[in-house]
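One structure below.
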Amino acid sequence: IFPPELRFAFLKFFNRIFHLFSIYCYFDITEIDGVNTNELYNAVQLYLSSSVSIAGNRLSLTRAVNSSSITFGLSNNDSIVDTFNGVTVLWEHVVTQRQTQTFAWRPLPEEKRGFTLRIKKKDKTLILNSYLDYIMERANEIRRKNQDRLLYTNSRGGSLDSRGHPWESVPFKHPSTFETLAMDPIKKQQIMDDLKDFAQGQLFYQKTGRAWKRGYLLYGPPGTGKSSMIAAMANYLGYDIYDLELTEVHSNSELRKLLMKTSSKSIIVIEDIDCSINLTNRKKNSSNAASQRSFYDAETKAGSGSGGSGEEGGNGNTITLSGLLNFTDGLWSCCGSERIFVFTTNHIEKLDPALLRSGRMDMHIYMSFCNFSSLKILLKNYLGYEEKDINDDVLKEMERVVEKAEMTPADVSEALIKNRRDKEKAIRELLEDLKSRGERNVKDGKLRGGIGNLTELEVVEEQEKRAIDSQNEDEDHDEEEIELEDNICKTRED
Ligand SMILES: Nc1ncnc2c1ncn2[C@@H]1O[C@H](COP(=O)(O)OP(=O)(O)OP(=O)(O)O)[C@@H](O)[C@H]1O
Ligand SMILES: [Mg+2]
């Protein structure tokens, strides 16, 4: 009888009245907000899927690409009750057909999906203040647990993808864990404890006013497990890895942009830092005077976030050491939190002492040649042999020669893989190999770099001390050097 407009207006009015007296208020969280995907929708979906109280009679199951587990979700128009801090809320999943295809930059899905959150009006502040944040956090946690790690690289050389990201990612499925990592068990435990303390240390970092980040420097000969260690760290903490290719970065400001686009809970890796860029001992490459000068310029302005055009002249690759230090230490390193920096190198003595001085890299980890304890781990990994499975005499002999042989874990694992069908033969050949290498090393007198009978640890400490000492000398001569370089520059200009 009524014209449709009037009926509609009446209904609307009635609805208003109804809502005015209702004790509930409602929030709609739609899947697509305008043209952007609504992050909160996905978070709610994940959060509810983990909820134990799901008892609906129909659930939708999904398994995302590369995810290692299945998530449950609410089906159309199903609802679920959740409690948070003693407050009960109701979630409803609403699916409606989209009536007309409105104009959009990309085609929108046929269905309009969304969650409706119903809460009591009196709980509004609590819910808006903390419940939604809590959901986001939980969802991220679930995602990290379900999904295998991601490995990001900047190998595109500074160009951005369609969404403006400089990083490219692939699923990261490296099987290395701390369990399979062959190294001194005590040292291994220390590193694991350090990582756990870091990951759980939010309050500590807040209280002490420190940025929530940590740096590790891994050094040692090739094939001693530096890359494996990084993978183990990522698997242990469930962090993503950003593998930063320094040679692809053209300026300090580009470096900073890359950093800004990393997410928290991640490990930022620079492998072979001594090779990737001319950051090595300043004295040794004084031929490169132009870039050297820019380093000093920047260093004197340290912390001012210099960047800028002054540094971006000269040769093609103009990342400077100060740019890199700003990257790890400066104000920019704290955009986001919970980040781990890992640098690796084969030659710690080649690194600029500025990188080594205390407070810069929190932990220096020496990855050493195989010793007896790491050998035992490898035997267990590759042959399944515990200590008791191996002849006592053989074990003793191995213990005697393993240090002298200076075999890397990579060498040992290669030898074990070769004979993994015949375990007895594997042991026999490994022992022979160890012996002959040991004898050769003793004969050539090249053990421990010729330093004689220092223990391994002492050698390492020696190396580090020398590196830091040379820094102090450097500082004494800094003034002179700058002047000297001024002259070089001038003569070049002439
Ligand atoms: N400590 C270790 N524990 C277990 N396996 C190891 C260890 N070190 C090396 N390996 C084995 O050797 C291979 C090479 O090791 P990895 O790539 O980690 O060495 P690296 O120290 O990173 O060498 P580089 O300095 O050349 O990069 C690994 O795939 C792993 O199988
Ligand atoms: Mg490596």
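The values are calculated or read from the model by the stated rules, or taken from the named source; none is laboratory data. All figures in this text were calculated on a predicted structure; none of them were measured in a lab. When we count neighbours, we look across all protein chains shown, and the Cβ atoms used for this are built from the backbone with ideal geometry, even at glycine. Note: accessible area is taken over every heavy atom of the protein model, side chains too, but ligands, DNA and RNA are not part of it. Shrake-Rupley method; radii C 1.70, N 1.55, O 1.52, S 1.80 Å.
Looking across the range 420-433, the residues that are away from ligand 1 (no atom under 16 Å from the Cβ) and surrounded by 13 or more Cβ atoms within 10 Å (Cβ to Cβ) come down to LYS423, ILE427, ARG428, GLU429, LEU431.
Take the conditions within 15 Å of ligand 1 (Cβ to nearest atom), in a helix (DSSP H, G or I), open to solvent by 40 Å² or more (accessible area, probe 1.4 Å) and not assigned by TED's automatic domain parsing to the domain that holds PRO222 and apply them to ASP411. Does it pass? So ASP411 passes the test. When ILE186 is tested against (1) touching a residue at least 12 places away in the same chain (Cβ under 8 Å); (2) among the aliphatic types (A, V, I, L, M); (3) out of contact with any helix residue (DSSP H, G or I) (no Cβ under 8 Å at 6 or more places or on another chain), just one condition goes unmet, and that condition is (1).
Sort out which residues of the range 224-238 are part of a helix (DSSP H, G or I) and either within 15 Å of ligand 1 (Cβ to nearest atom) or more than 12 Å from the chain's Cα centre (by Cα) (or both), and write them in order of number. Those that are part of a helix (DSSP H, G or I) and either within 15 Å of ligand 1 (Cβ to nearest atom) or more than 12 Å from the chain's Cα centre (by Cα) (or both): LYS226, SER227, SER228, MET229, ILE230, ALA231, ALA232, MET233, ALA234, ASN235, TYR236.
Going through (1) over 24 Å from LEU325 (Cα atoms); (2) away from ligand 2 (no atom under 14 Å from the Cβ); (3) in contact with a Cys (Cβ under 9 Å, 6 or more places away or on another chain) one by one, THR224 falls short only on (2). Of the helices (runs of 4 or more DSSP H) lying entirely inside the range 239-305, those containing at least 1 residues that are at pLDDT 50 or above, charged (D, E, K, R) and assigned by TED's automatic domain parsing to the domain that holds ILE319 are 252-260, 273-276. Listed by first and then second residue, the pairs with beta-carbon distance under 7 Å, at least 6 apart or on different chains, first residue in the range 214-229 and closer than 18 Å to ALA354 by Cβ, second away from ligand 2 (no atom under 11 Å from the Cβ) and in a helix (DSSP H, G or I), are GLY215/THR328; TYR219/ILE348. Listed by position, the strands (runs of 3 or more DSSP E) inside the range 8-106 whose residues that are aliphatic (A, V, I, L, M), at pLDDT below 70 and at positive phi number at least 2 form an empty set. Restricting attention to the range 194-212 and to residues that are modelled with pLDDT under 90 and either touching a helix residue (DSSP H, G or I) at 6+ places or on another chain (Cβ under 9 Å) or within 16 Å of ligand 2 (Cβ to nearest atom) (or both), the residue that is most open to solvent (accessible area, probe 1.4 Å) turns out to be ARG210. In the range 5-26, the residues that are outside the structural domain of TRP91 (by TED's automatic domain parsing) reach residues that are loosely packed, with under 10 Cβ neighbours inside 10 Å and not in a helix (DSSP H, G or I) with C-beta atoms within less than 9 angstrom, at least six apart or across chains, in these pairs: PHE10/PHE2. Screening the range 361-406 for residues that are crowded, with 16+ Cβ neighbours inside 10 Å and among the small types (Gly, Ala, Ser) and picking the one that is nearest to ligand 1 (Cβ to nearest atom) gives SER374.
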